[in-house]
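Notes to accompany the following structure.
The values are calculated or read from the model by the stated rules, or taken from the named source; none is laboratory data. None of these values were measured; they are calculated from a predicted model. Note: ideal-geometry Cβ built from the backbone for every residue, glycine included; neighbour counts use all protein chains shown. Ligands, DNA and RNA are excluded from the accessible area calculation, which covers all protein heavy atoms including side chains. Shrake-Rupley method; radii C 1.70, N 1.55, O 1.52, S 1.80 Å.
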Amino acid sequence: MDGACARAIEMGLPGVAFTDHMDFTPWRVDADELEGFDHLKAFVVGDTLRPPGMDVEGYLRCVDRCRETYPDLRILTGVELGEAHRHGGAAAELLGAGRFERVLGSLHTLQVDGEFFEPPGLFRQWSAARVIREYLAEVCRMIEGSDAFSILAHITYPLRYWPTTADAFDPVEFEHDFRQALRMLADSNRALEINTTDRFSPQIVRWWRDEGGQALMFGSDAHDPGELGRRLAEAVEFVEAQGFRAGAYPHDFWMA
Ligand SMILES: [Zn+2]
């Protein structure tokens, strides 16, 4: 966290939000899915990864320390809340224990035959198009089934694992599915995250606006200080091209 703050200052970013993961769903993993994720290996028993709880007190102490060390940086608390529609009680308990200024609703896993899989496991079992359709349908169920989050994280999450053997991803093929999820998000007065890890399609921002979306924010999903603010300038450019404008303060939502 200290490294991320130092990096933010170095880059001239006015603020940073720490939205640590809280995943509640245990999921089935293959050993090759954990390559590059050594810190997760300790949570695997057999072929199931059981994510740990969040040390909320420790997290908030670290945020306070960062705020003391970097008084000129606006540091927001937050959480990437995993699949709150399936874990309403646990999600409410977590939010009750902390002061989270940014609550991202995040969908990572889908269920197949009673077990949950991340996209690499889904792409092994389903066609690429089916993974995207089922993912967006579950995004709708998550929006409908939980009001614990105010921002939808990474709507294009499965694309990080799009199979090299499949045809190139074309968002237009899934326009109906994207629009449906975006409309539900807009109707519930929530914001869309532009996650700059993903090659975000400007079309999706246009559909967001068409479907009544008013607010969006940027997230670099950095798991390492070096990734902070990646492709932010590019994202700002296409968001502005769709008519969204910055708020009064840099950490405000961008509005249509
Ligand atoms: Zn995520």
Residue that is farthest from Ala97 (Cα to Cα) [pool: residues in the range 29-86 that are in contact with a Phe, Trp or Tyr (Cβ under 8 Å, 6 or more places away or on another chain) and part of a loop (DSSP other than H, G, I, E, B)]: Arg50
Residue within the range 67-87 that is within 22 Å of Asp224 (Cβ to Cβ), without any contact (Cβ under 8 Å) to a residue 12 or more places away in the chain and open to solvent by 70 Å² or more (accessible area, probe 1.4 Å) present: yes
Phe123 surrounded by 17 or more Cβ atoms within 10 Å (Cβ to Cβ), under 21 Å from Leu159 (Cβ atoms), among the aromatic types (Phe, Trp, Tyr) and within 15 Å of the ligand (Cβ to nearest atom): no
Residue selected from the range 198-221 under the condition in a strand (DSSP E or B) and open to solvent by less than 20 Å² (accessible area, probe 1.4 Å), by the criterion farthest from the ligand (Cβ to nearest atom): Ala215
Residue within the range 172-180 that is assigned to a helix (DSSP H, G or I) and more than 23 Å from Ile194 (Cβ to Cβ) present: no
Subset tally (residues that are within 18 Å of Ile204 (Cβ to Cβ), open to solvent by 50 Å² or more (accessible area, probe 1.4 Å) and touching a strand residue (DSSP E or B) at 6+ places or on another chain (Cβ under 7 Å)) for the range 135-184: 0
Enumeration of residues in the range 13-28 that are closer than 26 Å to Arg99 by Cα and either open to solvent by 60 Å² or more (accessible area, probe 1.4 Å) or aromatic (Phe, Trp, Tyr) (or both): Pro14, Phe18, Asp20, His21, Phe24
Search result, residues across the range 106-120 that are under 29 Å from Leu228 (Cβ atoms) and in contact (Cβ under 8 Å) with a residue 60 or more places away in the chain: Ser106, His108, Thr109, Glu118, Pro120
Residue among Val63, Val45 that alone is among the β-branched types (Val, Ile, Thr) and open to solvent by 40 Å² or more (accessible area, probe 1.4 Å): Val45
